[in-house]
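To keep things clear, I will list the structure first and then write my remarks on it.
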């Protein structure tokens, strides 16, 4: 009722997400994604069978009440492994994406702000790195740096650096000459302070919306690399290597080894993609 | 006169850009192989004798300064010397050329199938964005981007080979019986026709169905999405509204729309083609398809690293070349792309 209250309040982020995507969609996508993450976090506390304990008496058992998703050729429980793999895949994906953000955001900010020579080098380098064939470059990198989880995280991070550098740069270039930035400069702030205190916060919204999408790519790439035996060592539960293990049994009609981890992989990537779309719609200008 | 100069400048800029990118590629591969890893290990694998070690150090010139090593490396790559595969004992370049047609045939057909679906579907979906078709096509595209290609391949093998027996086993490009047909182009579909052997042609096609479908579904959705978005944008634009208001015939309006749509869609098609050349790696593994991807994966499992590097260089160069070609075609279609360069 106050006189100041002329403009209607800006709807909350949550409200905007629902307005633009429908309540059901938002609830299902974020609910299911949260469920997957919680399932992964709580896996050790749940009454699951040991994911890396072979059972010679129950090799290649079809799905049953005792083994919901059946067992693999070592007699390990596929259900338990599929759940535990959430931990492996999400942790690796998230760490590589965050590493990419950590390097990409400052790099894009600095190159966009200073322009000129730095900018030309960073832009060209980003373009070339994005031109490298992902899986193959991953193979070459792992060949050189050794077959380890660190190599996998690094190679996925290398792909994410240009994504964020380009994104931040595109936000920063138009802001460079805007009044408040000029004012911050004139007030005697050092360039780094102007960049990170006054400009970069504006670029964090698209970065945030991009995160799940990057994680989706990262999960796919990590699973792809371990499908050809790179990165995650064998008994560790991981979707890609589980699919690989089951691949040879597929032609003999033993479908459960590959189908279930593949479904989990597909579902996770789908939900990550969908949540990124919803986040982007919140901040997109209404057309 | 002026326009000729304009064109030469445009082309020179694009070619220069390509050369620069390729040079950066060589810098990156050099850094990865020489500075991150142990190059002797890369050349010899996990087991080697002292003599072999000394010979490798000699060959790689590890005792020389780093810039000198780089120049030698660059010289080798430029003259087509990509090393020798320790496993097949043939020069890597020879192996690459021998295997490239299998990958090219697979990815080209996948791209054609994808474009044949994605572009018309994108236009149709944009014309009636609230209709069932738009919903359906969009669902397929969303599923396609989220599906791992190698897993979809396995699903197809399970259904169409293991269960229904409609399609051949995932073991290569053609049935055993036709393996000694003369190789002319390296494309099975063309070579079998040149040999006039229709049964062999049928076998080659049957072997292509599953990998081509798996690749088309998983890599072409972005073509659908960009076609749809661009068409919707154009249909809502002022110039199309004006053209309609002036009573232009549908044919003319359609031509305007296609011309304006072409540039981003072509760029996306070129990028998808580039991705396909390397995106086939995992699908080739599933179908034991004797292309570049399987070559690299096999080499990797024999600790034979020069082929892996060779495939990376080859496919990256291919991608960058396609990207430049798309840029040039855009310049031909759209004068704004020329001017802004």
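The values are calculated or read from the model by the stated rules, or taken from the named source; none is laboratory data. The structure presented is a predicted model; accordingly, all values stated were derived computationally and were not measured. Here Cβ is always computed from backbone atoms with ideal geometry, including for glycine, and neighbour counts include all displayed protein chains.
Note on region B:278-295: residues that are closer than 28 Å to residue B:327 by Cβ and either within 7 Å of another protein chain (Cβ to nearest Cβ) or touching a strand residue (DSSP E or B) at 6+ places or on another chain (Cβ under 7 Å) (or both) total 2. Looking at (1) away from chain B (no Cβ under 14 Å); (2) under 17 Å from the mean Cα position of the chain (by Cα), which is the only condition residue A:93 fails? In the conditions (1) away from chain B (no Cβ under 14 Å); (2) under 17 Å from the mean Cα position of the chain (by Cα), residue A:93 misses (1) alone.
Looking only at residues in region B:288-322 that are in contact (Cβ under 8 Å) with a residue 60 or more places away in the chain and under 30 Å from residue B:6 (Cα atoms), which one is surrounded by the most Cβ atoms within 10 Å (Cβ to Cβ)? Among those residues, the one meeting the criterion is B:316. Scanning region A:138-154 for residues that are within 12 Å of chain B (Cβ to nearest Cβ) and under 15 Å from residue A:98 (Cβ atoms) returns A:150, A:154. Restricted to region B:197-245, and to residues there that are free of Cβ contacts under 8 Å to residues at least 60 places away in the same chain and part of a loop (DSSP other than H, G, I, E, B), the residue that is nearest to the chain's Cα centre (by Cα) is B:197.
Does residue A:224 satisfy being facing another protein chain (nearest Cβ under 8 Å), touching a residue at least 40 places away in the same chain (Cβ under 8 Å) and more than 28 Å from residue A:25 (Cα to Cα)? Here the answer is yes, as residue A:224 does meet what is asked. Residues in region B:4-40 that are at pLDDT below 75, surrounded by fewer than 17 Cβ atoms within 10 Å (Cβ to Cβ) and assigned to a helix (DSSP H, G or I): 2 in all. Every test in (1) touching a residue at least 60 places away in the same chain (Cβ under 8 Å); (2) farther than 28 Å from residue B:16 by Cβ; (3) buried (at least 17 other Cβ atoms within 10 Å of the Cβ) is passed by residue A:145 save one, and that test is (1). In region A:109-124, the count of residues that are at the interface with chain B (Cβ under 8 Å from one of its Cβ atoms), free of Cβ contacts under 8 Å to residues at least 12 places away in the same chain and part of a helix (DSSP H, G or I) is one or more.
Within the bounds of region A:167-174, is there any residue that is within 14 Å of chain B (Cβ to nearest Cβ), in contact with a helix residue (DSSP H, G or I) (Cβ under 6 Å, 6 or more places away or on another chain) and over 24 Å from residue B:157 (Cα atoms)? For region A:167-174, residues within 14 Å of chain B (Cβ to nearest Cβ), in contact with a helix residue (DSSP H, G or I) (Cβ under 6 Å, 6 or more places away or on another chain) and over 24 Å from residue B:157 (Cα atoms): absent. When the test is whether a residue is in contact with a helix residue (DSSP H, G or I) (Cβ under 8 Å, 6 or more places away or on another chain) and more than 11 Å from chain A (Cβ to nearest Cβ), residue B:261 passes it. Considering region A:258-277, and only residues there that are closer than 12 Å to residue A:70 by Cβ and at the interface with chain B (Cβ under 10 Å from one of its Cβ atoms), the residue that is surrounded by the most Cβ atoms within 10 Å (Cβ to Cβ) turns out to be A:261. So, in region B:121-173, exactly how many residues are more than 12 Å from chain A (Cβ to nearest Cβ), at pLDDT below 90 and assigned to a helix (DSSP H, G or I)? Looking only at that region, the number is 1. Could you tell me whether residue B:93 is free of Cβ contacts under 8 Å to residues at least 60 places away in the same chain and assigned to a helix (DSSP H, G or I)? The answer is no for residue B:93. Selection of helices (runs of 4 or more DSSP H) fully inside region B:274-341 by the criterion of at least 1 residues being under 22 Å from residue A:143 (Cβ atoms) and at pLDDT below 85 returns B:292-301, B:305-333.
Going by what's in this entry, would residue B:191 be described as over 18 Å from the mean Cα position of the chain (by Cα) and surrounded by fewer than 18 Cβ atoms within 10 Å (Cβ to Cβ)? Here the answer is no, as residue B:191 does not meet what is asked. Looking at region A:195-206, can you tell me whether even one residue there is under 14 Å from residue B:147 (Cα atoms), in contact (Cβ under 8 Å) with a residue 60 or more places away in the chain and either surrounded by fewer than 22 Cβ atoms within 10 Å (Cβ to Cβ) or within 8 Å of another protein chain (Cβ to nearest Cβ) (or both)? There is no residue in region A:195-206 that is under 14 Å from residue B:147 (Cα atoms), in contact (Cβ under 8 Å) with a residue 60 or more places away in the chain and either surrounded by fewer than 22 Cβ atoms within 10 Å (Cβ to Cβ) or within 8 Å of another protein chain (Cβ to nearest Cβ) (or both).
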